[in-house]
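Peer 1: Quick one: the structure is below, questions incoming.
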Amino acid sequence: MPEVRLVGPNGETVGIVRIDDALRLAQEADLDLVEVAPTARPPVCKLMDYGKFKYENAQKAREARRNQTNVVIKEMKLRPKIDAHDYETKKGHVVRFLRQGDKVKITIMFRGREQHRPELGFRLLQRLAEDVTDLGFVESAPKQDGRNMIMVLGPHKKKAEAKAEVKAEKAEKAAERAAEREAEHAERSAGATAEQPEKKERRRSESLDPDM
């Protein structure tokens, strides 16, 4: 008669029993007999509610997918002789990406004679890294890649943390706007209430006849 190593519903070891006895115990407990280690000698079986087991596993997998953060790499391209205005604009995009918890790939594009001046691109990348040091760090140091020079910046904060902060900032701004609208409404209501008695008093005085 085949035997199995039986594990109880709470993880306790029952011992080695005949398969018929294991099936009987499962039936008496209104549980399922599930083989959890078929290659063991003897095979290991467990008493469990298999439907509940599958449901809980599906819930855990769903929660794991919900909490999973996808690594997003944004890209920003610059020229080695970029002017001050364009530099500030590009830097603003890099700052936004890092605040969102995204990595940023910075590409310096060389053209013509610029290819013989790689130090221009290197200094520009160093300057950018120093300007955003509060938000990110150099994950991949500047390196030449054909006619381009590439550097990768990583955010100090994880994607989930960045999302939570952005969400909190939006909620705070929405609350401030709502409070401002409420204050304006209250001010208008108070002003209208204060003006109303004056209008009534003026109409009453105009209707008086001094000869009466």
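The values are calculated or read from the model by the stated rules, or taken from the named source; none is laboratory data. Predicted model, so just to flag it, every value in this text is computed and none were measured. Reconstructed Cβ throughout: ideal geometry from the backbone, glycine too, with neighbour counts over all protein chains shown.
Peer 1: Of the residues Leu125, Leu153, only one is in contact with an Asp or Glu (Cβ under 8 Å, 6 or more places away or on another chain) and either under 20 Å from Ile73 (Cα atoms) or of a type outside the set (S, T, N, Q) (or both); which? Let's see the steps before the verdict.
Peer 2: Numbers: Leu125 fails: in contact with an Asp or Glu (Cβ under 8 Å, 6 or more places away or on another chain).
Unique residue meeting the criteria: Leu153.
Peer 1: Going through region 1-37 one residue at a time, which ones are out of contact with any helix residue (DSSP H, G or I) (no Cβ under 9 Å at 6 or more places or on another chain), part of a strand (DSSP E or B) and of a type in the set (Val, Ile, Thr)?
Peer 2: Val7, Thr13, Ile16, Val36
Peer 1: Do the conditions hold for Arg181, that is, is it in a helix (DSSP H, G or I) and modelled with pLDDT of 85 or more? Don't jump to the end; show me each part of the working.
Peer 2: Numbers: in a helix (DSSP H, G or I): yes; modelled with pLDDT of 85 or more: yes.
Spelling it out, Arg181 is indeed in a helix (DSSP H, G or I) and modelled with pLDDT of 85 or more.
Peer 1: What tally of residues in region 88-121 results from selecting those that are free of Cβ contacts under 8 Å to residues at least 40 places away in the same chain, over 16 Å from the mean Cα position of the chain (by Cα) and in a helix (DSSP H, G or I)?
Peer 2: Residues flagged as free of Cβ contacts under 8 Å to residues at least 40 places away in the same chain, over 16 Å from the mean Cα position of the chain (by Cα) and in a helix (DSSP H, G or I) within region 88-121 amount to 12.
Peer 1: Taking Leu33 as the residue in question, decide whether it is farther than 30 Å from Met151 by Cα, buried (at least 16 other Cβ atoms within 10 Å of the Cβ) and not aromatic (Phe, Trp, Tyr). Before the answer, list the steps.
Peer 2: Working: farther than 30 Å from Met151 by Cα: yes; buried (at least 16 other Cβ atoms within 10 Å of the Cβ): yes; not aromatic (Phe, Trp, Tyr): yes.
So Leu33 passes the test.
Peer 1: Also, I was wondering about something else. Kindly list the number of the only condition in (1) surrounded by 16 or more Cβ atoms within 10 Å (Cβ to Cβ); (2) in a helix (DSSP H, G or I) that fails for Arg65.
Peer 2: (1)
Peer 1: Condition test on Glu3, is it surrounded by 10 or more Cβ atoms within 10 Å (Cβ to Cβ), at pLDDT below 95 and within 30 Å of Ala164 (Cα to Cα)? Can you show your working first?
Peer 2: Values: surrounded by 10 or more Cβ atoms within 10 Å (Cβ to Cβ): yes; at pLDDT below 95: yes; within 30 Å of Ala164 (Cα to Cα): no.
The answer is no for Glu3.
Peer 1: Please indicate, with yes or no, whether at least one residue in region 72-81 is under 39 Å from the mean Cα position of the chain (by Cα), surrounded by fewer than 15 Cβ atoms within 10 Å (Cβ to Cβ), at pLDDT 90 or above and part of a loop (DSSP other than H, G, I, E, B).
Peer 2: yes
Peer 1: Can you tell which of Val166, Val152 is in the same structural domain as Leu78 (by TED's automatic domain parsing) and among the β-branched types (Val, Ile, Thr)? Let's see the steps before the verdict.
Peer 2: Values: Val166 fails: in the same structural domain as Leu78 (by TED's automatic domain parsing).
When all the criteria are applied, what remains is Val152.
Peer 1: Is it true that Arg41 is assigned to a strand (DSSP E or B), over 37 Å from the mean Cα position of the chain (by Cα) and over 30 Å from Lys103 (Cα atoms)?
Peer 2: On the way: assigned to a strand (DSSP E or B): no; over 37 Å from the mean Cα position of the chain (by Cα): yes; over 30 Å from Lys103 (Cα atoms): yes.
So Arg41 fails the test.
Peer 1: Which residues, taken from region 98-135, are touching a helix residue (DSSP H, G or I) at 6+ places or on another chain (Cβ under 8 Å) and β-branched (Val, Ile, Thr)?
Peer 2: Selection gives Val104, Ile106, Ile108, Val132.
Peer 1: What number of residues in region 135-158 are part of a loop (DSSP other than H, G, I, E, B) and touching a residue at least 12 places away in the same chain (Cβ under 8 Å)? Before you say what the answer is, go through the steps one by one.
Peer 2: We begin by selecting, within region 135-158, every residue part of a loop (DSSP other than H, G, I, E, B); these are 135, 146-147, 156-158.
Pick out the ones that are also touching a residue at least 12 places away in the same chain (Cβ under 8 Å) and you get 135, 147, 156-158.
Residues meeting the conditions: 5.
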